[in-house]
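The values are calculated or read from the model by the stated rules, or taken from the named source; none is laboratory data. On a predicted model such as this, the values are computed, not experimentally measured, just so you know. All Cβ positions, even for glycine, are placed from backbone atoms using ideal geometry, and neighbour counts span all protein chains on display.
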Amino acid sequence: MNSPTHIDKNQVIKSFNRAAPTYEQWSKLQKMVDDSLLERLEWLKLEPQHILDVGGGIGRLSRTLSQQYQNAEVYSIDISTTMVQVAHQKAFNEIHQPHFICADGAQLPFADNSIDLLMSNLMLQWCNDIQTIFAEFARVLKPDGALFFSTFGPETLIELRHSFAQVDDAIHLNHFLDMHDIGDTLLQVGLTNPVMDVDWFQFIYNDVKQLMFELKQIGAHNMTVGRPRGLMGKDKFRAMLTAYEQYRLPDDSIPATYEIVYGHARGRKNTELQTPHTVTIPISQLKKTMESRDQSS
């Protein structure tokens with residue numbers, strides 16, 4: 001039986017399918033973390049031939065990688081079909097285009113040891129088993145390949161979390177993993193030289209309703225199986241708003257804090273380790289398939 005904090009994957013797909021058409025205008029935090037991940041690439045002097053962006057969304061990071069590494073093949077995957085469609089439309093007129101694929105990060109359609117650089121921005125928090133995800137990352141990464149990723153930490157939306165907790169014991173927000181647990185999982189799947197760090201972002205809003213509206217617009221609302229069904233009662237909702245008032249700032253705005261966990265690791269050295277039930281499509285064959293699909297569309 002699933003835990004109440006277990007993420008409902010079908011709900012994730014539906015939520016991001018709905019959010020995709022207008023996602024870009026609301027995703028200011030995602031853009032900032034995109035840029036931070038790109039800056040971190042400067043730590044390594046890479047000349048990747050094959051790049052994979054897992055949870056690529058509408059393709060902003062993937063398109064930037066295609067411009068930055070023009071001799072590389074860039075593959076962008078997302079579990080939301082509408083996100084993939086929007087990403088393809090946004091890259092339509094660009095000379096260097098990624099290959100956009102609808103796929104699940106828990107079962108990557110790539111061969112073992114085929115990826116030089118794997119990126120993933122704010123995707124892991126929508127996964128129930130990051131060990132399975134990281135095992136897939138380790139499988140497709142070359143031994144000298146590099147992984148860069150970000151995800152939300154447990155202090156994310158701490159003001160909203162505490163305000164809801166003063167009203168009832170229901171699960172109103174998703175559960176986020178601690179940085180140290182994530183780092184331990186990297187080692188467990190055989191990835192090497194892991195480096196973890198954390199940063200905080202704070203955004204301000206006129207009121208809590210504006211914050212919650214923005215979360216809904218980017219598809220980042222409660223998607224746990226234990227989430228309350230139906231609307232919260234008016235009295236409880238007003239009590240939550242009242243509880244949030246303790247965080248109101250001198251300029252009369254209210255803050256929302258985001259803890260961003262960053263991770264970097266290299267590929268595993270023991271390439272004999274295999275993950276069961278994986279799909280291994282050679283990149284050369286995948287490219288031919290994507291080209292054939294583009295020509296037929």
- Test: residue in the range 85-103 that is under 26 Å from Leu173 (Cβ atoms) and under 15 Å from the mean Cα position of the chain (by Cα): no
- Message: Any residue in the range 34-54 that is polar (S, T, N, Q) sitting within a Cβ distance under 8 Å of a residue that is outside any strand (DSSP E or B) and surrounded by fewer than 16 Cβ atoms within 10 Å (Cβ to Cβ)? List the pairs, counting only those 6 or more apart or interchain.
- Response: Gln49/Asn71
- Message: With the requirement that a residue be surrounded by fewer than 21 Cβ atoms within 10 Å (Cβ to Cβ) and in a helix (DSSP H, G or I), what does the range 87-103 give you?
- Response: His88, Gln89, Lys90
- Task: From Ile130, Ile115, grab the single residue that is β-branched (Val, Ile, Thr), surrounded by 19 or more Cβ atoms within 10 Å (Cβ to Cβ) and more than 22 Å from Pro48 (Cα to Cα).
- Result: Ile130
- Message: Only one of Ile158, Ile204 is within 30 Å of Arg18 (Cα to Cα), in contact (Cβ under 8 Å) with a residue 60 or more places away in the chain and aliphatic (A, V, I, L, M). Can you tell me which?
- Response: Ile158
- Message: All but one of (1) out of contact with any helix residue (DSSP H, G or I) (no Cβ under 6 Å at 6 or more places or on another chain); (2) surrounded by 18 or more Cβ atoms within 10 Å (Cβ to Cβ) hold for Val74; state the number of the condition that does not hold.
- Response: (1)
- Kindly indicate which of Leu177, Leu124 is touching a residue at least 12 places away in the same chain (Cβ under 8 Å), farther than 25 Å from Pro48 by Cβ and either surrounded by 17 or more Cβ atoms within 10 Å (Cβ to Cβ) or more than 15 Å from the chain's Cα centre (by Cα) (or both). Leu177
- Query: When you go through (1) of a type in the set (Lys, Arg); (2) more than 26 Å from Ser27 (Cβ to Cβ); (3) modelled with pLDDT of 90 or more; (4) surrounded by fewer than 14 Cβ atoms within 10 Å (Cβ to Cβ) one by one for Lys288, which number turns out not to apply?
  - Reply: (3)
- Query: Counting only residues that are under 26 Å from Ile171 (Cβ atoms) and within 13 Å of the chain's Cα centre (by Cα), which one in the range 14-37 is surrounded by the fewest Cβ atoms within 10 Å (Cβ to Cβ)?
  - Reply: Leu29
- Task: Scan the range 39-57 for residues that are over 22 Å from Phe110 (Cβ atoms) and at pLDDT 90 or above and report the count.
- Result: 2
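Okay, residues lined up against (1) of a type in the set (Ser, Thr, Tyr); (2) more than 22 Å from Lys142 (Cα to Cα); (3) in contact with an Asp or Glu (Cβ under 8 Å, 6 or more places away or on another chain); (4) part of a loop (DSSP other than H, G, I, E, B):
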position	(1), (2), (3), (4)
Asp35	no, yes, no, no
Leu38	no, no, no, no
Asp53	no, no, no, no
Leu65	no, no, yes, no
- Message: Here is a list: Ala20, Ala111. Which entry is in contact with a Ser or Thr (Cβ under 6 Å, 6 or more places away or on another chain), of a type in the set (Gly, Ala, Ser) and in a loop (DSSP other than H, G, I, E, B)?
- Response: Ala111
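Yes or no, residue by residue, for (1) at pLDDT 90 or above; (2) charged (D, E, K, R); (3) within 23 Å of the chain's Cα centre (by Cα); (4) farther than 30 Å from Glu159 by Cα:
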{"site": "Arg227", "(1), (2), (3), (4)": "no, yes, yes, no"}
{"site": "Lys234", "(1), (2), (3), (4)": "no, yes, no, no"}
{"site": "Asp251", "(1), (2), (3), (4)": "yes, yes, no, no"}
{"site": "Thr278", "(1), (2), (3), (4)": "no, no, yes, yes"}
- Task: Return the residue satisfying two criteria in turn: it lies in the range 44-71 and is of a type outside the set (A, V, I, L, M) and closer than 19 Å to Trp126 by Cβ, and of such residues it is surrounded by the fewest Cβ atoms within 10 Å (Cβ to Cβ).
- Result: Arg60
- Message: So in the range 149-174, with the set limited to residues that are closer than 30 Å to Leu118 by Cβ, among the aliphatic types (A, V, I, L, M) and touching a strand residue (DSSP E or B) at 6+ places or on another chain (Cβ under 7 Å), which one is surrounded by the fewest Cβ atoms within 10 Å (Cβ to Cβ)?
- Response: Ile158
